[in-house]
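S.K.: The structure is given below, and queries will be raised subsequently.
The values are calculated or read from the model by the stated rules, or taken from the named source; none is laboratory data. All values reported here derive from a predicted model rather than from experimental measurement. Neighbour counts run over all protein chains shown; Cβ positions are idealised from the backbone, glycine included.
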Amino acid sequence: MLRACLRGANATARNNFGKTRLTNLQHCRHYTAGETSGGGAAKVVAAGLVTVGGGIGGTILYAKWDNKFRAAVENNVPYSDWLLGLALGPPSPKSGLPIKKQELAQPPSMMDKQTNVSKAKSEKKVKEAAESPASEMSPVPIQPAQSIEEASAEATHIISAISEVTSVPAPCDTEGAAVKEEYKDCHEHQDTSVTAAVHPDTESPTATEPLKERPVEEVAAILAQQDQEEQDIATSVSASLEESLTSSAKATLQAIGAQEAALQAITRHTLKLKEAMEAEVPPQEKSAQWKDLEAALADRTGAVNDAETALSKANEALDSLKSVIDKSKGLKVSAVRPLVLAAEENLHNMVVDLDKVVTKVHSAESEAKIVSQYSELVNEAKQQFQREVSSLTPEIQANWKGLTGKLSSDDLNALIAHAHRRIDQLNRELAEQRVREQIHIDAALEQQKLEDQKALEKAVSTALQHIKEEARLEQERKLSELREVMEAEMRTQLRRQAAAHTDHVRDVLKVQEQELRVDAEQVLSSKMLEQETRYRQLSQEQLDNFTLDMNTAYARLKGMEEAIDSHVVAEEEARKAHQLWLSVEALNYTLKTANADIPTVPLEGAAQAVRDSCHDSDFALALSSALPEESLHRGVYSEASLRARFNSLRSLARRVALIDESHNSLYQYFLSYLQAALLFEEKQEAPPAQLCSEDLDPFKLLSYASYCLEHGDLELAAKLVNQLRGEARRVVEDWLTEARLTLETRQVVSLLSAYANAVGLGTTQAP
Amino acid sequence: MSEKELGKKWDRCLADSAIKLGTGLGLGIVFSVLFFKRHTWPISFGSGVGLGMAYANCQNDLRSHYLQHRSKKVTHT
């Protein structure tokens, strides 16, 4: 079409332009068109290639960017995975990331806990850094805890990294809690550094307590041990206390006795002194008095010394007792407290007594001092008077009082003058004294006040001490009483609790007992049931066995009877079978009675005999009734006769081979006869297993049939002859009928004989 | 005996053809002698007629089985 157009174009060009150039151009155009056509094709090809390459490149780039797309492409397009692998390398494991994210997101609590712990750690670190100088030992226990915590945090990290299961970091928590506790303790430390020493002891227990729980036996053992220790301590303390108490009591008593003795001595001495000073007695008694006085003074000093020594001893003993008491108090054993309390009370009493006695002694001493001062004054005055008197009257002796009768009047006057003078002096002194009385009284009062104050202070202090001591003792007593009360109450509560517990336990035990009883009864009943069932089973089994044996015996008997009956029956059957067989043989024999061209005798009789002998066998009856009528009434031809007949038939059939419905004119007859005369075939030819269309030729069929007949196969011969068509068939019809009859009869008879044989074999009894 | 039928037929046929031929011939001769001045044509004519009739009869007899109007039982299936 292109060329046509071109030609047209050429023509028009020639017409229009008439230039060869244009034609050339046309040609060129033609060529160029060809070229353009070729170029166009190349362009198309190039464009296609570019498109395909661009598509592939774009696919590869997009697959590089989006892995899902890459996966989709690899799934759908066959060799794309190879190509993409070549271009981009193996697919990146982007799908792994979400799983990992899940992993990391799954234990958020752990992460939070860890962050909390780390925050706590950092807080602690900051605070420690801020307050490190304050507590030096607190970092020490924290450090191991921190290291433990770090280790546990690391472990939890590892666990979280390995598994996806949320692992609750229990040790981490408890460690954190313990650490927080410790931290709080540290705060308290830093606030009160006094109890700092105690905390390290408690820290480790608190750190270790969550981790360890001592078993009950250990606790009981420890408690028993503690009790034992306490008891021992109590006994030892009580022994020591008693010892020290006795010793101190002894010493105190001694001291008190000594002090009393001293007191008595002092009072005696003062009395004596007073007596000696005030009483007017004769000089001999005076000297005796003075001697007594001296003795008393010596006594007093001795007693006082003794008292002092005894006091010091008593104080020593009391101090030792106190120390013992303090020591025993320091043991902090509860059983010791009443003893301690009693010892303290005793101590206090002794101290009080001692102090009382000492105060008494002091007061007596002060009195004695006063008295002695007075007596000294008096003595001094007396001596002065004496000196005066002696100065006046040197010959008068000391004991002037006893000399009143011996004195002269001068002496008496002198004495009276002296006395007057003395009285004046004394009056003057008295006046002076009265004047200075107030001052002296004030001074004395002051002194007395001071002394009184001192004494008061001392007394107050001692009283205060005593009262404090008493109050403390009272408190202690009250405390101990309270403790006892509390103990008693606690004991009652515990008893109550124990009672409740025992009640509960009793109830539980009751319930358990019931349950157990029920269980036991159940078990018992089940066992009983089992036993019963077993017994029943056994008895049943026995019964069953017995019945089984009986049954077997009966069955055997029955079997034997049946066997005998069956024998009889079998014999009957055998007889019948024999009869049948005989009749069938007779029938068979009748078949052989056929001579050439004469059929057999009618089989009626034999058939009847057979029918008679097989009343009960439907099969045989059916068979015997299946015998064809003709054979029964007329008999059948033998095979030999049929064979002979066939031989004669054969030529006839050959002659009419061409005749059938359509070809049946005389001319056809002539042709058929001619064919028969001219055609030669085998006399006998073995028939093939399968007939094909060529074998349906009458001549062939006839030769096959002859062969079959010659070889005794009437059936096949009949079948082959049955294949004849047309006139030939009509000709052999009778023969075919006869052959059929014979075959039928023979079949029936053979079946009957087989049946009779079978029956006979069946009824034969093995020897 | 079905095989004998054909023979019988042929016998009849032959007999019939002999009779017919003879009769035709005779009649022809008679007619030729009597009526047709001893021409040969009535003889041949008569024998021809006779032969023809005999042929036709024979053919009819032979194919009698295949003709439906007969009341014979058609054994050929």
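S.K.: For residues that are of a type outside the set (Lys, Arg) and without any contact (Cβ under 8 Å) to a residue 60 or more places away in the chain, scanning just the stretch A:722-749, find the one that is nearest to residue A:693 (Cα to Cα).
M.R.: Ranking the qualifying residues of the stretch A:722-749, first place goes to A:723.
S.K.: For the structure I just gave you, tell me whether residue A:651 is buried (at least 22 other Cβ atoms within 10 Å of the Cβ), of a type in the set (Ser, Thr, Tyr) and in a helix (DSSP H, G or I).
M.R.: So residue A:651 fails the test.
S.K.: Could I ask something else about it? In the set A:572, A:630, which member is more than 14 Å from residue A:753 (Cβ to Cβ), touching a residue at least 60 places away in the same chain (Cβ under 8 Å) and in a helix (DSSP H, G or I)?
M.R.: Checking each option against the conditions leaves just A:630.
S.K.: Looking only at helices (runs of 4 or more DSSP H) that lie completely in the stretch A:658-741, which have at least 2 residues being within 11 Å of chain B (Cβ to nearest Cβ)?
M.R.: A:666-678
S.K.: Tell me, please, whether a residue that is within 14 Å of another protein chain (Cβ to nearest Cβ), modelled with pLDDT of 85 or more and touching a Leu at 6+ places or on another chain (Cβ under 7 Å) can be found in the stretch A:743-766.
M.R.: no
Here is a yes/no grid of residues against (1) on the phi > 0 side of the Ramachandran plot; (2) buried (at least 20 other Cβ atoms within 10 Å of the Cβ); (3) of a type in the set (A, V, I, L, M, F, W, C):
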position: A:614; (1), (2), (3): no, yes, yes
position: A:645; (1), (2), (3): no, yes, no
position: A:667; (1), (2), (3): no, no, no
position: A:684; (1), (2), (3): no, no, no
position: A:690; (1), (2), (3): no, no, no
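Listed here are the residues, each with its yes/no results for (1) modelled with pLDDT of 85 or more; (2) more than 14 Å from chain A (Cβ to nearest Cβ); (3) touching a helix residue (DSSP H, G or I) at 6+ places or on another chain (Cβ under 9 Å); (4) assigned to a helix (DSSP H, G or I).
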| residue | (1), (2), (3), (4) |
| --- | --- |
| B:10 | yes, no, yes, yes |
| B:13 | yes, no, yes, yes |
| B:44 | yes, yes, yes, yes |
| B:71 | no, yes, no, no |
| B:76 | no, no, yes, no |
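S.K.: Scan the stretch A:646-657 for residues that are closer than 14 Å to residue A:725 by Cβ and at the interface with chain B (Cβ under 10 Å from one of its Cβ atoms) and report the count.
M.R.: Within the stretch A:646-657, residues that are closer than 14 Å to residue A:725 by Cβ and at the interface with chain B (Cβ under 10 Å from one of its Cβ atoms) number 2.
S.K.: What is the residue count in the stretch A:633-642 for residues that are assigned to a helix (DSSP H, G or I) and either aliphatic (A, V, I, L, M) or within 14 Å of chain B (Cβ to nearest Cβ) (or both)?
M.R.: Looking only at that region, the number is 3.
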